[in-house]
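FYI, it's all coordinate maths here, none of it is from the lab. Fair warning: this is a prediction, and the values are worked out from it, not measured in the lab. Here the Cβ positions follow ideal geometry from the backbone for every residue, glycine too, while neighbour counts run over all protein chains shown.
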Amino acid sequence: MDGPRRQQDASTHPGGPVRRTLHFGAGPEWSFSQLGAAAAAMGGVLLFLASLYLAAGGFAGPWWALVLLPLVTMSWAGSAAPLVYWALLLYGWFTLTPAGSFSWWSLPAAAGCIVAHAATSAAATSPPAGSFTARAVSRWGRHTAVAFAAAVPVAALTGLLATRSLGPAPAAYVLGLGGVAAGLWLVRTSPPAERQ
């Protein structure tokens with residue numbers, strides 16, 4: 001890893017703001033904003049895995065290594081790699097937790113998923129050496145808060161229905177997961193528009 005580099009912001013005149021970047025070997029230079037987005041994604045994954053650990057009553061150690069994957073794949077933020085990654089994590093939730101059970105740990109897990117997805121989506125809107133404005137961070141923060149606010153009533157309704165023996169068909173799970181996948185795909189390809 002090379003040390004921090006100073007880089008003139010091309011959008012300003014000489015003597016304007018200076019951005020610091022880090023250079024890892026022969027790869028591109030990374031801004032601290034992009035590294036912060038990767039750290040936020042890792043924090044979201046850590047929250048998800050900790051919630052999964054508590055909901056499932058533990059799991060094998062290699063699952064914890066998935067926390068590092070957002071750092072390794074940050075140069076692929078705009079590709080389908082993050083969706084495949086989260087498909088693996090959600091598969092882990094459904095296979096490691098007891099079948100047919102409901103855990104309130106799903107709520108912090110949803111928060112981790114939302115934060116990690118928003119950080120990865122935001123990172124895809126800027127080049128590796130680019131930075132985010134305070135306005136863009138605020139906009140993405142609002143969208144993340146709205147997404148989590150939607151998760152709260154869904155968890156409460158699920159908690160209420162979990163005590164009843166309705167026996168939803170497996171087709172309902174497939175349709176629900178298909179809707180979630182379609183929603184994530186739409187959000188990934190249509191980031192929040194900038195307000196004037």
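Observations on the model:
- Extension reserve of the Leu71-Tyr91 stretch, reckoned as 0.36 nm per residue once the Cα distance is removed: 5.1 nm
- Inter-label distance, Ala134 to Phe59: 3.9 nm, where each label sits 7 Å from its Cα along the C-beta direction.
- In terms of overall dimensions, segment 24-106 has a Cα radius of gyration and Dmax of 14.6, 49 angstrom.
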